[in-house]
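I have placed the structure first, in the form of structure tokens, so that the comments after it can refer back to it.
The values are calculated or read from the model by the stated rules, or taken from the named source; none is laboratory data. On a predicted model such as this, the values are computed, not experimentally measured, just so you know. Here the Cβ positions follow ideal geometry from the backbone for every residue, glycine too, while neighbour counts run over all protein chains shown.
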Amino acid sequence: MTSPYGLHRVVEPVGVLPQQAWRLDATPECGADEVLVDVERLNLDAASFRQLREQHGADVRRAVLEIVAERGKMQNPVTGSGGMLLGTVRAAGPRSPLGLKAGDRIATLVSLTLTPLRITDDLAGWDGTTEQVPCAGTAVLFGRSIAAVLPDDLSDELALSVLDVCGAPALTDRVVRRRAAESVLVLGGGGKSGSLSLVAARRAGASRLVALVPTEAEAGLVRASGLADAVVVADARDPVAVLEAVGTPVDVTVVCVDVPGCEHGAILATANGGVVVFFSMATSFSAAALGAEGLAADVEMLVGNGYVPGHAAFALDLVRAEPAVRALFEHRQTAQA
């Protein structure tokens with residue numbers, strides 16, 4: 001009997017959901033409500049990729065292979081995060097509610113941390129320098145998984161990059177509209193989720209957009225794009241530097257950086273009564289909660305969980321409609337090539 005939550009794939013410890021599990025059963029067999037996928041490419045999340053590169057250097061390929069072989073999924077043991085994947089549906093069970101069929105080329109919209117995964121080519125086509133990992137293997141989706149059929153008008157690489165972070169702009173849109181927020185700060189405004197969040201905030205009605213980036217080179221790219229009203233350079237891990245760079249505190253701060261230690265700067269830069277949305281997988285939520293308490297900061301803090309209904313179509317439409325944000329994505333891909 002299969003479970004829509006994937007409980008039947010949990011090897012240890014029994015009784016927890018797949019994301020919490022230490023090890024999953026990645027046997028490439030399709031249950032009645034499952035979807036079996038032939039994997040073509042993994043997209044490691046930014047925080048996980050950075051940590052793996054810093055720890056393992058040239059051995060990062062071997063590190064990824066060992067994680068997947070040991071755990072039956074891709075879950076970085078340090079960051080706890082994974083990413084998502086692109087592939088082609090091999091089979092869909094007769095009771096699968098996902099609406100997919102054999103031959104569909106898809107991107108998964110659920111984390112690799114809960115997706116049963118096998119790698120069969122030893123990652124021979126990956127040099128370890130990019131977040132996107134060409135590979136061969138299989139993956140399994142459950143009844144409660146989410147996936148998007150790849151669009152015909154965007155390259156696989158671009159579509160995968162956008163879908164990897166599609167929850168960020170969708171939730172930014174929701175928060176800005178509900179709050180009627182006038183000012184929005186995006187920490188990491190030059191990155192994938194950050195640039196999309198800037199566009200979403202503008203469309204939702206924000207009149208003052210501030211992008212914080214770590215270098216002058218990145219600042220130049222964001223200024224040229226016109227996505228923000230102000231682009232400031234500061235180390236997001238330095239709370240006072242963040243506050244000084246931003247100046248007047250904002251109504252909403254969106255955290256899209258891939259390094260730890262950015263919680264307090266985000267809190268300081270947000271006005272009392274405002275909202276901080278944490279999208280970074282490097283976030284320490286205890287540091288955020290205790291930091292806000294220690295600073296007597298009356299801010300609402302939200303965890304960006306990566307899912308908002310309609311988030312995939314929303315993000316893809318932003319890229320289609322906004323040449324500036326598409327150019328930033330393509331520049332990032334070129335830089336990593």
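So if I check each of 97, 134, which one is surrounded by fewer than 19 Cβ atoms within 10 Å (Cβ to Cβ), modelled with pLDDT of 95 or more and touching a Phe, Trp or Tyr at 6+ places or on another chain (Cβ under 8 Å)?
134
If we only count helices (runs of 4 or more DSSP H) wholly inside the range 214-277, which ones have 3 or more residues that are of a type in the set (Gly, Ala, Ser) and either touching a helix residue (DSSP H, G or I) at 6+ places or on another chain (Cβ under 8 Å) or without any contact (Cβ under 8 Å) to a residue 60 or more places away in the chain (or both)?
216-225
Does residue 140 satisfy the criteria of being in contact with a strand residue (DSSP E or B) (Cβ under 9 Å, 6 or more places away or on another chain), modelled with pLDDT of 95 or more, assigned by TED's automatic domain parsing to the domain that holds residue 58 and over 21 Å from residue 53 (Cα atoms)?
Here the answer is yes, as residue 140 does meet what is asked.
Can you tell me which residue is surrounded by the most Cβ atoms within 10 Å (Cβ to Cβ) among those in the range 67-87 that are among the hydrophobic types (A, V, I, L, M, F, W, C) and not in a strand (DSSP E or B)?
Per the criteria, the residue is 74.
Cβ contacts < 8 Å: first residue outside the structural domain of residue 131 (by TED's automatic domain parsing) and over 12 Å from residue 154 (Cβ atoms), restricted to the range 311-337; second residue small (Gly, Ala, Ser) and part of a loop (DSSP other than H, G, I, E, B), any location; separation 6+ or different chain. Result?
From the range 311-337, the pairs are 324/226; 328/190; 332/191.
Kindly indicate whether residue 101 is in contact with a helix residue (DSSP H, G or I) (Cβ under 9 Å, 6 or more places away or on another chain), within 23 Å of residue 163 (Cβ to Cβ) and of a type in the set (Lys, Arg).
Criteria not met by residue 101.
Scanning the range 201-211 for residues that are in contact (Cβ under 8 Å) with a residue 40 or more places away in the chain and in a strand (DSSP E or B), which turns out nearest to residue 167 (Cα to Cα)?
That would be 210.
Only one of these conditions is not met by residue 306: (1) modelled with pLDDT of 95 or more; (2) in a loop (DSSP other than H, G, I, E, B); (3) touching a helix residue (DSSP H, G or I) at 6+ places or on another chain (Cβ under 9 Å). Which number is it?
Every listed condition holds for residue 306 apart from (1).
Scan the range 292-303 and give yes if some residue there is within 16 Å of the chain's Cα centre (by Cα), on the phi < 0 side of the Ramachandran plot and surrounded by 14 or more Cβ atoms within 10 Å (Cβ to Cβ), otherwise no.
yes
Take the residues of the range 16-38 that are in contact with a strand residue (DSSP E or B) (Cβ under 8 Å, 6 or more places away or on another chain), farther than 23 Å from residue 128 by Cα and among the acidic types (Asp, Glu): which is surrounded by the fewest Cβ atoms within 10 Å (Cβ to Cβ)?
Here the answer is 29.
Just one of (1) on the phi > 0 side of the Ramachandran plot; (2) surrounded by fewer than 24 Cβ atoms within 10 Å (Cβ to Cβ) trips up residue 188, so point out which.
In the conditions (1) on the phi > 0 side of the Ramachandran plot; (2) surrounded by fewer than 24 Cβ atoms within 10 Å (Cβ to Cβ), residue 188 misses (2) alone.
Tell me the residue from 90, 41 that is touching a Pro at 6+ places or on another chain (Cβ under 7 Å), assigned to a strand (DSSP E or B) and surrounded by fewer than 20 Cβ atoms within 10 Å (Cβ to Cβ), please.
Exactly one residue qualifies, and that residue is 41.
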